[in-house]
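Read-outs: derived from the displayed coordinates by stated rules, not from any lab. Note that the structure is predicted; figures quoted are calculated from it, not measured. Here the Cβ is made from the backbone with ideal geometry for all residues, glycine too, and neighbour counts use every protein chain on show.
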Amino acid sequence: MSSDAKPAYDSADLLLFQIVHDVRALLRKSHTRTQILQQQIEPLCDDSARGFFDEVLSSQRELDQLMVRLAAYAEAGRAGSREWIGLDVAILGAKLQMKNALEQAGTELAASDTAGVRAPAAIQSVLAELIANSIRFRDPARPLRIAISTSASPAGDRRRIRVSDNGPGWNPRHSERMFEPLRKLDGTPDGFGLGLAIARRVVEGFGGRICAESDSTGGVFLIDIPDDDGSVGDS
């Protein structure tokens, strides 16, 4: 039967959490002190000095966001609970989670063949990461379209979730490398290179598999979800 209990963090992830906690505490202190200093000497600052303060504060916020993402990576390393939900519910949750980003990018997101399909509850966070990835790397020359669908796996004994977009895609030789933590492909925009690494850790945590494909029509992520007993076939 399903269990909501999660195992303890392994030693590497626990150490990462401790580092993140300590670094964020130092960042908060540094950020506060910088703001106080900025207020105190504001009357003496020229435009160059004000720009310097803005860059320092912006860098502190960006570093803090990196720490948040590293904590999410550590959290993803824990095996997910065996709670299962309707895939339509997970898709709706991911859309709500990414609502502002989807609207700002003018994204069309469509789902098909998902009615009645059940999946591990953690699939919602995976879908949110994949949606965020599509938005970040969209083709500026055309409106972004994301499609989520399901089918039987090639062996016919598992359910496969397909998340595709009409973005510029990537060099197929990078299809495995881009799941590595902190890996950023050449020429990619800002970001930390953790979204796909988090997605893979979550999928593997609930006993599934994820891979990526790319061609001239865009990018595709394929997720094979396990049976209720956590097993996944060899397909």
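Quick notes on this one:
- Electrostatic tally near E42: other residues with Cβ closer than 14 Å to its Cβ, Lys and Arg +1, Asp and Glu -1, net -2.
- By the helix-only formula, in which each DSSP H run with n ≥ 4 contributes -39500 (n - 2.57) and the sum is divided by residues, the chain has a 222 nm mean residue ellipticity of -15000 deg cm²/dmol.
- The modelled label-to-label distance for the pair L185/R142, using points 7 Å beyond Cα in the direction of Cβ, is 1.6 nm.
- Sequentially through the stretch 192-202, phi angles give Karplus couplings (6.51, -1.76, 1.60; θ = phi - 60°) of 10, x, 10, x, 6, 5, 5, 4, 5, 5, 5 Hz, Gly and Pro residues having no value and appearing as x.
- Across the stretch 92-154, Cα-Cα pairs farther apart than 18 Å form 37% of the total.
- On the beta carbon distance between E204 and E103, with R0 = 41 Å, the FRET formula returns roughly 0.85.
- Rg over Rh [alpha-carbon atoms, Kirkwood Rh] for the chain: 1.04
- Taking 0.36 nm per residue of separation and subtracting the Cα-Cα distance, full extension of the segment from R24 to S58 would add 10.8 nm.
- Cut-off of 10 Å, at most 16 other beta carbons, DSSP loop: longest stretch of the chain lacking such GluC sites (Glu not before Pro): 84-175
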